[in-house]
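Undergrad: Provided herewith is a single structure, encoded as structure tokens, for subsequent inquiry.
Derivation of every value follows stated rules applied to the coordinates shown; laboratory data play no part. Given the structure is predicted, the values throughout are model-derived calculations rather than measurements. Virtual Cβ from ideal backbone geometry, glycine too; neighbours counted across all protein chains shown.
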Amino acid sequence: MSHADPSRRWTLRGAHTEYTVAVPAHGRWLELVAWGPHGVSEGPSPVEYTGPVPFLTAGDAAPIEYATDAARPFTGADLIVETGSGDRRIGFEYVDAEGDDTRLAVTFADPVTGLRAVVHYQVPAGTDVVSRWVELTNTGPEPLRLVRAGSAGFCVPTPHGARLSYQWGQWAQEFQLDHVDLGHGAFTVGSAQGVPGHLHLPWLAVRDQADPTGPTWGVALAWTGSWEITAERDTGGLTRVRAGRRLVDGPLDLPSGGRLTLPTVSGAYSPDGLDGLARVWHTHQRRLAGERLTPRPVLYNSWEATYFAVDAENQLALARVAADLGVETFVVDDGWFVGRDDDTAGLGDWTPDPAKFPAGFDAFVKEVRGLGMNFGLWVEPECVNPRSRLYAEHPDWVYAVHGRPLTPIRNQYLLDLGRPEVAEFVHSTVDGLLRRHDIGYLKWDFNRPRTEPGRPGTEAAGNAARIDLDGAHVANLHRIYEQLRRDHPHVLIEACAGGGARTDLAMAARADVFWPSDNTGPLDRLAIQYGFLHANAPHLLSSWVTDSPGLFDPRPRSLAFRFVLAMAGVLGIGADIRHWTAEQRAEASRWIARYKEIREIIMHGTVHLVGGPDQPRCAVQYTAPDGATVVVLAWHTGRLDGAGLLPSRPVRLPLAGLDPAAGYRHGDVHYSGSHLGAVGLPVRWSADHDAELVVLQRV
Ligand code: DGJ
């Protein structure tokens, strides 16, 4: 293609990267020219193809940014639209564009149907991220149907084969980082659950197989419903990543005059492999948090200590110990409201149970606050148990398919949040709790996917009035989060979905912290957090120290290990601390005090992931923004027996990004930056020393 016309070529510039696109002379689509470090666009395009395209069309081989099925009929379109008479193959013509270095909006229109598409780009200030979304408007007289409504295609040069990194999981085993080599063909991750899900993270990384630690491109989606990311490598060596919604409820209607904005999907680039890409995402998420990137409190959560058997007495017993340890926020989890003695009943009836709080809930909250802590509460407002007053009064509020049985999961149904009256109920329930009680922290849970694609009462309209249930649910969820943040700016919100099933970039912009997994077993948790930190910044990583052995992963690890692990993000305690010995409590107090000293660096520092959870070297390095302090958290991942009893040499943790000529001090030991980079920080494991927190000061 010829990119000769400079008026149809645009370069977006990030902190260290640039992203150049152009409209070819034929005007039928927008193409990528180059995506990489500053200056990468000067020279022949690394994604342009040459040669014929036998048995294909030109668009199938071109690095198209946003492709309809007319432009890219065989190798995967982003947008497939059907007219009222069932015709497909909408084709675009370039209309105009406007933008600057960090923003671009390119408009296309289909002359036959009148569909207009504005392809938007934005580089958030100070990042190496390109955020993209598409706005569709039906300016024609006929209704249209979107059969596929992807958000974007990202093109990555992979001449020697693509190495993809993705994260899979299941309940209690989220964020498992894995890799696959893609020669030719496609690889897909996604969710049809109406929530991002435990099974895959809406995140993918791509690099060339010949350079697995070099230039790496990432794609992550901001959509809290069903989604899909597909990477497809063509015969010419280009990997194209399509990302967007998965239309689980069928095609989307776009009536005449209708407008639809598709979810934002972000692309990220780093020259430094997956580890560098993690830092690009961290910077982006820190910007998304904005002024809410405040030091996260050390919290106590009572779930694992008391489960549903919550009452004022046991919570206060826990709270007294927690306050002594230095905990700053005390969170009462599930079990505090009427009818909630186990998971078979109560969801929907969000009134504190007077039997559990005989002196009144507010008196209880006051007592917790009197201990010098903030107070937090668990809710799951989108769900309802059949055994609840809410369900008795509003059985029609749950998703249901006419004439079909409901599918209970964890004994509960899902409210159709897309209905205005349900959204009003959910908002006023949570807002009311925050207004009535002195609450400073909210844990918002969601413990089941959506199974039924139907809304009672709309059957008669049939396909003629298909409802975008997924879209409506997500839109109202986001709106309610935004309203609560605006109206209660001092309340921190933790997003949870049976662990980490609701973590995407849209939630990273609306929640203050994520609960990544119900699995707090030390070595399992290490793997979960390692994956999590590849896609998410530490301020989002909620982590508790729990009792050992706990529910999962009985492999023993010390209290120190569990503390250092939870300190890698937002430190919390979930153990039954009523039963901790004086020594355990004293040790916990020391760790909490140390965490408070370093948490600013954990929140704002430059993260390097050293080794991995299945490697002898496993650490996370956080370098303070001014480079003067370096925090290293390290864990012994191997067998504990024998360590320290035989001649050995320490494990060496190579640190990154230090000034080689500078000196660094840890206690009495001095290192050069060069030594720490080339040889590494020594850590010596033994049977009773399986974790380390090192704070290095530049001298
Ligand atoms: C699932 C969450 O992940 C847990 O932390 C806890 O809040 C339970 N739900 C409560 O039912």
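Undergrad: State the antiparallel share, in %, of DSSP beta bridges confined to the chain, rounding to the nearest 5.
TA: So the antiparallel bridges amount to about 80 percent of the total.
Undergrad: Treating only the Cβ of Lys, Arg, Asp and Glu as charged (+1, +1, -1, -1), what charge dipole size does the chain show about its Cα centre? Round to the nearest 20 debye.
TA: 760
Undergrad: Going by a ≥ b ≥ c, the root eigenvalues of the Cα gyration tensor, does segment 69-227 fall in the rounded group (a/c under 1.5), the prolate group (a/b larger than b/c) or the oblate group?
TA: Here segment 69-227 falls in the prolate category.
Undergrad: May I ask which residue of His160, Gly644, His437 lies farthest towards the positive end of the charge dipole of the chain, with charges of +1 (Lys, Arg) and -1 (Asp, Glu) on Cβ and the Cα centre as origin?
TA: Gly644
Undergrad: Give me P(r) over segment 37-82, computed from all C-alpha to C-alpha distances, binned every 5 Å, as integer percentages.
TA: Pair shares across the bins are 5, 20, 23, 18, 14, 12, 6, 1, 0.
Undergrad: Moving on to the next point. Sorted from largest to smallest, which semi-axis lengths in Å does the alpha carbon gyration tensor of segment 401-446 give for its equivalent ellipsoid, taking the root of 5 times each eigenvalue?
TA: After diagonalising the Cα gyration tensor, the semi-axes are 27, 14, 7 Å.
Undergrad: How many angstrom lie between the C-alpha centres of segment 113-150 and segment 182-208?
TA: So the separation of the two Cα centres works out to 22 Å.
Undergrad: How much length would be gained if the chain were fully extended between Tyr307 and Ala586, taking 0.36 nm per residue of separation minus their Cα-Cα distance, in nm to one decimal? Numbers along the way, then the final one.
TA: Numbers: separation 279, 0.36 × 279 = 100.44 nm, distance 2.53 nm.
Net length gain for the segment: 97.9 nm.
Undergrad: Where does the Debye-calculated log10 I(q)/I(0) of segment 545-594 sit at q = 0.15, 0.18 Å⁻¹, using only Cα point scatterers of equal weight, no solvent?
TA: -0.37, -0.54
Undergrad: Please arrange Asp181, Asp553 by counting, for each residue, the other beta carbons lying within 10 Å of its beta carbon, fewest first.
TA: Asp181, Asp553
Undergrad: Normalized C-alpha radius of gyration of segment 593-669, against 2.2 N^0.38 Å?
TA: So segment 593-669 has a normalised radius of gyration of 1.25.
Undergrad: Normalising by the residue count of segment 262-392, find the relative contact order in percent from Cα pairs under 8 Å and 6+ residues apart.
TA: Once divided by the residue count of segment 262-392, the mean separation gives 22 percent.
Undergrad: Roughly how big is segment 483-613's charge dipole about its Cα centre, with Cβ charges of +1 (Lys, Arg) and -1 (Asp, Glu), in debye to the nearest 20?
TA: 160
Undergrad: Also, quick follow-up: Using only helices, what value at 222 nm comes out for the chain when you add -39,500 (n - 2.57) per DSSP H run of length 4 or more and divide by the total residues, to the nearest 500 deg cm²/dmol?
TA: Numbers: 13 runs with 145 residues, N = 699.
Taking each H run of at least 4 residues, the total per residue is -6500 deg cm²/dmol.
Undergrad: May I pose another question? Of Val620, Val683, Ile601, which is farthest towards the positive pole of segment 545-699's charge dipole, taken about the Cα centre with +1 and -1 on the beta-carbons of Lys, Arg and Asp, Glu respectively?
TA: The listed residue farthest towards the positive side: Val683.
Undergrad: Right, here's the next one. Give the calculated FRET efficiency between Trp171 and Asp362 to the nearest 0.05, with a Förster radius of 35 Å applied to their Cβ-Cβ distance.
TA: On the way: r = 35 Å, r/R0 = 1.00.
That pair, Trp171 with Asp362, gives E of 0.50.
Undergrad: Let me ask something else. At q = 0.12 Å⁻¹, what is the log10 ratio I(q)/I(0) for segment 1-51, with the Debye formula run over Cα points and no solvent?
TA: Taken in order of the listed q values, log10 I(q)/I(0) reads -0.24.
Undergrad: Determine, at each q value in 0.12, 0.15 (inverse angstroms), the log₁₀ of I(q)/I(0) that the Debye formula gives when each Cα of segment 88-161 is one equal point scatterer.
TA: Computed log10 I(q)/I(0) values: -0.44, -0.64.
Undergrad: Please express the Cα-Cα pair-distance distribution P(r) of segment 152-230 as a list of whole percents, one per 5 Å bin, running from 0 to the bin with the greatest distance.
TA: Bins of 5 Å from zero give 3, 15, 25, 24, 17, 10, 4, 1 percent of pairs.
Undergrad: Determine the shape class of segment 443-575: with a ≥ b ≥ c the square roots of the Cα gyration tensor eigenvalues, call it rounded for a/c under 1.5, and otherwise prolate if a/b is greater than b/c, oblate otherwise.
TA: Since a/c reaches 1.5 and a/b is larger than b/c, the shape of segment 443-575 is classed as prolate.
Undergrad: What fraction, in whole percent, of alpha-carbon pairs in the chain exceed 51 Å separation? Kindly include the intermediate steps, with their values, before the conclusion.
TA: Working: 35400 of 243951 pairs.
Of all Cα-Cα distances in the chain, 15 percent exceed 51 Å.
Undergrad: Let me make sure I get this right: for segment 252-411, a, b and c are the square roots of the gyration tensor eigenvalues over alpha carbons, sorted descending. Under 1.5 in a/c it's rounded, otherwise prolate if a/b > b/c, else oblate. Which is it?
TA: On the way: a/c = 2.53, a/b = 1.14, b/c = 2.22.
It comes out oblate by the Cα gyration axes.
Undergrad: Using the Kirkwood radius over Cα pairs, work out the Stokes-Einstein diffusion coefficient for segment 355-477 at 10 °C and 1.306 mPa s, in µm²/s as a whole number.
TA: It diffuses with D of about 97 µm²/s by this estimate.
Undergrad: Now for a different question. Report, in whole Å, the centroid distance computed from the Cα atoms of segment 415-452 and segment 27-67.
TA: 46
Undergrad: If you don't mind, there's one more thing I want to ask. Normalised by the residues of the chain, what does the relative contact order come to in percent, with Cα pairs under 8 Å and at least six apart?
TA: 10
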